[in-house]
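To start, the structure under review is shown below, and the notes come after it.
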């Protein structure tokens, strides 16, 4: 490519890779600014309208989801490809190519969804938009597949960094989710992209996103942290299962607009009864961190009720209902992620736990600290990213004083949650479809190898009505093969003619002038389709204990593939994969 050659000539490959990561960081951060402010603009209008007509809270979430569904059906032909799950899929199955429209479609649809009240986070759409910029810019500049994956991850890291003002968490997120098993030197472009994105973050967060944690933890409360970690783990399992249960429930409807209306109305009902479920819900988290939990009841039907247990029951209800609200939002056709919802759920869980312990006199816990710990523990358990959770919460709250309990609770929550739910909320659906290969190096390499590239087409085929006597002379001039394909008039494979059997006929005492090919051919042990994955190909070789297999395309025979050729190319890919982009 001319652009790639020019890029390498002027800057060199390494320098151009670093410069591109800076550009991606700026683009991803700019989109995060538009995303966040777009949501705030719509939310301001919605709040203004609902103050005069509270019942509009039933309608606005449905409107946002319906508009998103219309866009999805009309522009995206019914496939929006949401969030982090789609990023992982693109790395696993699309050689890190992300559709060009993702550079704006994720942003637009999430603004509509969350702005009008959809109960979901903006972090996943922000990461998805950044990854789209990374992938497409890499393709335009002629970077190879490995470099394109790295720049895609740079965009995702930048999206997380900008939306949270947490550059380290953005980098850790990219390594935990997108660049599993990749060499550590790749961290440099990620750091540059994530740090660049953080430069524009003040346009989103004028100050610390939540609250600055200054009070240390006490080792006397270690037992409470352990108990809470176990509770957080099981709540994470509930969250994952509830998310897919309600999502699948809505998916039963094949009418996208009906699904949007029904899901939106149910969501509107939840928001009407529990106003903190509106949007991301970070204002409610901030109320708790600022030690004003009674503000959670504002605008609700029980506003003004100051009884302690009323507030506790209300926060517990929010804890269980947030994931359902997010499932309704996404399942009905809206766009948003579980990133923010896990933080909200964790905050409610942490506050409720500490407040209950304090109310019952079972201890004296710092409720702000447990709120922060809860956010990290639930993210670790739901998304299966303990390191991201630790660094994200430490960055956005300045809670480095809580590093030890953060590590403890996040580790326990992650391990227990993964035992009951081996896959996270972002990877479970991919795993069920067999598309989760990013964490398995062998599967990643095999996915890159396409069967069509290894088909041997230098064959001579015979017809089943041919006489052996007529083809002997022709066979003697051909390259030696173990067998030859036998085709009918439609180029369909009807059998294989073993070379060994031809030899036994020639050197026997029996006459073979009237022996036909169909008499000595045998049926193939297995047939491969040209579109089969390489994993399927290797399984077929092992299952049938053969070295060569025939390949068909739409029923028509197209050639052979050999086991030795596959393994030779696999070793070549393995060596290439071990190399770090220069």
Could you list, in sequence order, all residues of the range 89-141 that are more than 19 Å from residue 426 (Cβ to Cβ) and outside any helix (DSSP H, G or I)? 95, 97, 104, 116, 117, 141
Does residue 316 meet the test of being surrounded by 24 or more Cβ atoms within 10 Å (Cβ to Cβ) and assigned to a helix (DSSP H, G or I)? no
Residue set 341, 284, 352; condition touching a strand residue (DSSP E or B) at 6+ places or on another chain (Cβ under 7 Å) and under 28 Å from residue 233 (Cβ atoms); output residue 341
Can you find a residue in the range 241-264 that is part of a helix (DSSP H, G or I) and over 20 Å from residue 331 (Cα atoms)? no
Quick check: is even one residue across the range 60-82 in a helix (DSSP H, G or I), within 30 Å of residue 275 (Cβ to Cβ), modelled with pLDDT under 90 and in contact with a helix residue (DSSP H, G or I) (Cβ under 6 Å, 6 or more places away or on another chain)? no
Looking at 253, 303, can you tell me which residue is more than 21 Å from residue 51 (Cβ to Cβ) and touching a helix residue (DSSP H, G or I) at 6+ places or on another chain (Cβ under 6 Å)? 253
Would you point out which residue out of 475, 471 is touching a strand residue (DSSP E or B) at 6+ places or on another chain (Cβ under 7 Å), part of a helix (DSSP H, G or I) and modelled with pLDDT of 65 or more? 471
Kindly indicate whether residue 83 is closer than 22 Å to residue 327 by Cβ, in contact with a strand residue (DSSP E or B) (Cβ under 6 Å, 6 or more places away or on another chain) and not assigned by TED's automatic domain parsing to the domain that holds residue 337. yes
Residues being more than 12 Å from residue 111 (Cβ to Cβ) and in contact (Cβ under 8 Å) with a residue 24 or more places away in the chain - total across the range 8-32: 16
Near pairs, Cβ below 9 angstrom, 6+ apart or cross-chain, from the range 329-340 (free of Cβ contacts under 8 Å to residues at least 12 places away in the same chain) to any residue that is part of a helix (DSSP H, G or I) and buried (at least 24 other Cβ atoms within 10 Å of the Cβ): none
Please state which of the following conditions residue 165 fails to meet, knowing it meets all the rest: (1) closer than 23 Å to residue 196 by Cα; (2) at pLDDT 90 or above. (2)
State all residues of the range 37-49 that are modelled with pLDDT under 90 and surrounded by 21 or more Cβ atoms within 10 Å (Cβ to Cβ); if no residue qualifies, say none. 46
Surrounded by fewer than 24 Cβ atoms within 10 Å (Cβ to Cβ), within 17 Å of residue 231 (Cα to Cα) and under 26 Å from the mean Cα position of the chain (by Cα) - does that describe any residue in the range 388-407? yes
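The values are calculated or read from the model by the stated rules, or taken from the named source; none is laboratory data. Bear in mind the structure is a predicted one, so any value in this text is a computation, not a measurement. Here the Cβ is made from the backbone with ideal geometry for all residues, glycine too, and neighbour counts use every protein chain on show.
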